Amino acid sequence: MSVRRTDRCGARHGNRGSDLGLSSLGGVRFRIAPTLAALALSVLLGASLVACAPPGASPATGTLDRELEPVAAASPVKTPTPTPTPLVQPGTNHAASAASYAYPAEQVNRWLVQGPAAEDYPTSKIAFLTFDDGPSKDATPAALKALETAGVPATFFVISGAQGVGTGGPELLRREVKEGHAVCVHSYSHDYSYLYPGRHANPDHIVSDLNKALGVLRETLGPEYAPTCFRYPGGHMSWNSMAGADAALAAEGFAWIDWNAMTGDAEGSKGPSTPAEAAGMVQSGIAYAEHPNVVVILMHDTMGKTLSNQALPQVVADLKAQGYSFGVIS
Ligand SMILES: [Zn+2]
């Protein structure tokens with residue numbers, strides 16, 4: 001399948017990125033019998049003691065037990081601090097309620113790159129609405145409202161630094177998760193000259209920027225937040241020497257995601273000027289890609305971006321009429 005080459009991502013540079021979601025664990029719940037739980041707790045406590053043992057101490061000798069006795073006597077009741085209900089389903093980038101429609105980034109990327117040649121290419125149609133470069137105080141709430149009205153989920157590829165979370169604030173990220181969407185890593189700096197000096201990917205800079213972004217997201221969404229989805233600022237398709245960066249990303253547990261359709265909300269004077277034209281551009285992209293079963297749509301929720309939000313009702317109506325369901329990327 002061919003992917004359209006566009007270079008439209010990055011708030012500071014007049015480009016925009018997009019946004020995808022999470023992976024599904026199926027919402028499986030495990031029940032542990034009280035006796036097993038007690039056993040597990042004792043094992044964990046034992047492991048903890050071993051981990052904390054000073055050099056030379058051996059649990060087998062009982063040395064540790066004696067050393068810890070005075071502490072135990074001083075604090076006979078040790079009540080573990082309950083873990084508050086995590087915002088995200090632990091180990092994912094979405095709420096537990098989104099598990100049934102979340103797809104791992106590696107899989108979605110493979111579907112985009114290989115098309116129907118992919119072994120596990122879906123036989124039914126799935127669309128992924130993605131928003132790049134947020135959050136912002138105006139476009140992100142409008143996007144959330146439009147998505148709620150349309151009754152569909154989206155994936156937000158966010159900027160964690162000054163251009164995104166720094167201006168839009170962290171609460172919008174929490175709202176995105178709470179409202180059934182997925183949050184992926186886009187960038188911290190979104191600085192093309194740092195990430196791609198001379199238009200060639202710098203793997204060290206890209207991974208460093210990613211981890212900085214991830215740190216901010218975990219501060220906001222909790223330590224349980226664990227995405228595998230990443231979108232290169234500007235798009236993977238826009239830069240040279242990507243193999244090293246792709247391998248470095250994979251080593252960090254991430255897969256990149258581009259797109260095969262867009263509303264053109266970052267195309268400037270060349271792009272659509274009305275919501276109907278923006279929705280039409282999505283359809284043109286789908287037609288250009290030969291009506292694939294997997295569509296990833298690039299939009300933006302940067303400050304001042306209103307076109308995609310206005311176009312969303314028509315974009316979603318068209319996709320539904322064509323038989324697409326809606327997923328998020330993990
Ligand atoms: Zn971007």
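Derivation of every value follows stated rules applied to the coordinates shown; laboratory data play no part. Remember, predicted model here, so these are calculated numbers, not experimental data. Here the Cβ is made from the backbone with ideal geometry for all residues, glycine too, and neighbour counts use every protein chain on show.
Kindly put Met281, Met303 in sequence by how many other C-beta atoms sit within 10 Å of each C-beta, fewest to most. If you can, show how the numbers build up before the last one.
On the way: Met281 21, Met303 18.
Exposure proxy ranking, most exposed first: Met303, Met281.
Eigenvalues of the Cα gyration tensor times 5, then square-rooted: what semi-axes does that give for segment 199-330, in whole angstrom, largest first?
Values: eigenvalues 168, 59, 50 Å².
For segment 199-330, the ellipsoid semi-axes come out as 29, 17, 16 Å.
Order by neighbour count: Phe254, Phe230, Phe156, Phe131, fewest other Cβ atoms within 10 Å first, most last.
Working: Phe254 21, Phe230 26, Phe156 32, Phe131 35.
By the 10 Å Cβ count, ascending: Phe254, Phe230, Phe156, Phe131.
Starting from the Cα of Ala118, step 7 Å toward the Cβ, then list every residue of segment 310-330 with an amide N under 17 Å from that point.
Backbone N within reach: 324-330.
His94's amide H: which non-local residues (gap 5+, or another chain) put their own amide H closer than 5 Å, with H modeled 1.01 Å from N in plane and none for Pro or chain starts?
Distant-sequence amide H within range of His94: Gln89.
Neighbour counts of other C-beta atoms within 10 Å: give me His200, His205, His190, His300 arranged from fewest to most.
His200, His205, His190, His300
For segment 104-211, what is the convex hull volume of the alpha-carbon atoms per residue, in Å³?
123
Which part of segment 301-321 falls in the paramagnetic zone of Glu277, meaning amide N under 11 Å from the point 7 Å along Cα-to-beta-carbon?
Under 11 Å, as judged by backbone N against the label point of Glu277, lies no residue of segment 301-321.
Using the Karplus curve 6.51 cos²θ - 1.76 cosθ + 1.60 with θ = phi - 60°, work out ³J(HN,Hα) for each residue of segment 98-113 in order, rounded to whole Hz, and write x for Gly and Pro.
Taking θ as phi minus 60°, the curve returns 9, 4, 6, 10, 9, 10, x, 4, 4, 5, 5, 4, 4, 4, 5, 6 Hz for segment 98-113.
5 Å is the cut-off here: which amide hydrogens, built 1.01 Å from N in the peptide plane, fall below it relative to Thr228, excluding neighbours closer than 5 in sequence?
Long-range HN contacts for Thr228: Ala105.
Using the beta-carbon distance between Gln322 and Tyr288 and R0 = 22 Å, what value does 1/(1 + (r/R0)^6) give for FRET efficiency, to the nearest 0.05? Provide the component values of the computation, followed by the final result.
Details: r = 15 Å, r/R0 = 0.67.
Once rounded, the FRET efficiency stands at 0.90.
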